[in-house]
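The values are calculated or read from the model by the stated rules, or taken from the named source; none is laboratory data. What you see is a predicted model, and the numbers here were worked out from it, not measured in a lab. Positions of Cβ are generated from backbone atoms using ideal geometry, with glycine treated the same way; all protein chains shown enter the neighbour counts.
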Amino acid sequence: MPSVPPKCCINPSILSADFVNLEAELARISNADAVHVDVMDNHFVPNLTIGLPVVERLQKVSPVPLDAHLMISNVDRWAPQFADAGLSSVTFHVEASEAPIKLARELRARGAKAGMALRPATPVEPYLDMLSELDMLLIMTVEPGFGGQAFLDVMLPKIRRARAAVDGSGVDVAIQVDGGITEETIIRAAEAGANVFVAGSAVYGKPSPADAIESLRANSQLAFAPTTLQFNDIALQQA
């Protein structure tokens with residue numbers, strides 16, 4: 001079991017929200033740590049969502065920070081503009097970037113946290129040397145492009161390897177997972193070492209998105225309950 005991450009964060013994805021009433025939908029998740037904004041261009045992934053003008057408006061009305069997930073081609077050109085819009089975090093796919101270190105540094109220079117995403121088939125090992133350039137590493141637990149997909153358990157070893165590398169490096173890099181996160185799968189992802197969780201239908205598919213966030217947050221902590229119970233047992237034996 002990995003060491004306990006400093007904080008487990010729930011970042012609901014508005015991909016599952018009502019796009020006609022996005023300002024109201026954001027108000028329903030005001031207890032979230034951030035809102036995950038999926039930007040797709042129908043080139044890098046076979047889906048089309050929203051672009052920079054809409055994200056700029058969301059930034060002005062959101063009660064929580066925006067975390068943009070750019071599933072787009074030509075990301076080296078476009079990602080800095082999302083940072084300029086005032087977003088808290090901008091995540092680009094390494095598969096779409098020609099110069100990921102340069103891009104990560106540019107995002108940070110413009111005031112945004114730099115996140116880098118990996119598709120399921122992209123190994124994490126070639127990028128471990130650039131952890132110090134990042135604030136977040138996103139391990140996709142489904143193929144990017146559409147919500148509602150089932151969690152890929154084959155990604156758990158990859159999350160564990162990423163967590164071991166982050167802990168061994170001493171850098172403060174969050175490990176985010178995106179895809180198929182539910183009250184059940186969030187426990188397995190947290191056990192593997194993730195500490196930032198993107199959830200779409202598991203939040204907006206519930207009668208109360210705010211309550212769903214709290215339930216997911218509580219379940220993410222369950223991953224570490226056995227360790228706590230073990231320490232309590234030892235304390236009782238020594239008493």
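A few points about this structure:
- Subset of region 3-42 (residues that are part of a loop (DSSP other than H, G, I, E, B) and β-branched (Val, Ile, Thr)): VAL4, ILE29
- Hey, ALA99 modelled with pLDDT of 95 or more, of a type in the set (Gly, Ala, Ser) and under 24 Å from ILE10 (Cα atoms) or not: no
- ASP76 vs. criteria part of a helix (DSSP H, G or I), of a type outside the set (Phe, Trp, Tyr) and modelled with pLDDT of 95 or more: yes
- Subset tally (residues that are touching a helix residue (DSSP H, G or I) at 6+ places or on another chain (Cβ under 7 Å) and crowded, with 24+ Cβ neighbours inside 10 Å) for region 177-191: 5
- Checking the stated criteria, PHE151 turns out to be aromatic (Phe, Trp, Tyr), out of contact with any strand residue (DSSP E or B) (no Cβ under 7 Å at 6 or more places or on another chain) and either at pLDDT 95 or above or surrounded by 17 or more Cβ atoms within 10 Å (Cβ to Cβ) (or both).
- Hey, ALA83 of a type in the set (A, V, I, L, M) and assigned to a helix (DSSP H, G or I) or not: yes
- Residues being assigned to a helix (DSSP H, G or I), touching a residue at least 24 places away in the same chain (Cβ under 8 Å) and of a type in the set (A, V, I, L, M, F, W, C) - total across region 93-117: 6
- Residue in region 4-30 that is surrounded by the most Cβ atoms within 10 Å (Cβ to Cβ), counting only those that are in contact with a helix residue (DSSP H, G or I) (Cβ under 6 Å, 6 or more places away or on another chain) and within 30 Å of ALA164 (Cα to Cα): PRO12
- Filter result for VAL45 (in a loop (DSSP other than H, G, I, E, B) and among the β-branched types (Val, Ile, Thr)): yes
- Residue pairs whose Cβ atoms lie under 8 Å apart, sitting 6 or more positions apart in sequence or on different chains, and linking a residue in region 121-149 that is under 16 Å from GLU95 (Cα atoms) to a partner that is acidic (Asp, Glu) and surrounded by fewer than 20 Cβ atoms within 10 Å (Cβ to Cβ), are THR122/GLU95.
- For VAL90: the one exception among (1) out of contact with any His (no Cβ under 6 Å at 6 or more places or on another chain); (2) within 19 Å of MET140 (Cβ to Cβ); (3) free of Cβ contacts under 8 Å to residues at least 60 places away in the same chain; (4) assigned to a loop (DSSP other than H, G, I, E, B): (4)
- The residue list ALA174, ALA165 contains one member that is out of contact with any strand residue (DSSP E or B) (no Cβ under 8 Å at 6 or more places or on another chain) and either of a type outside the set (S, T, N, Q) or at pLDDT 95 or above (or both), which is ALA165.
- Residues in region 89-135 that are in contact with a Leu (Cβ under 6 Å, 6 or more places away or on another chain) and among the hydroxyl-bearing types (Ser, Thr, Tyr): THR91, SER97.
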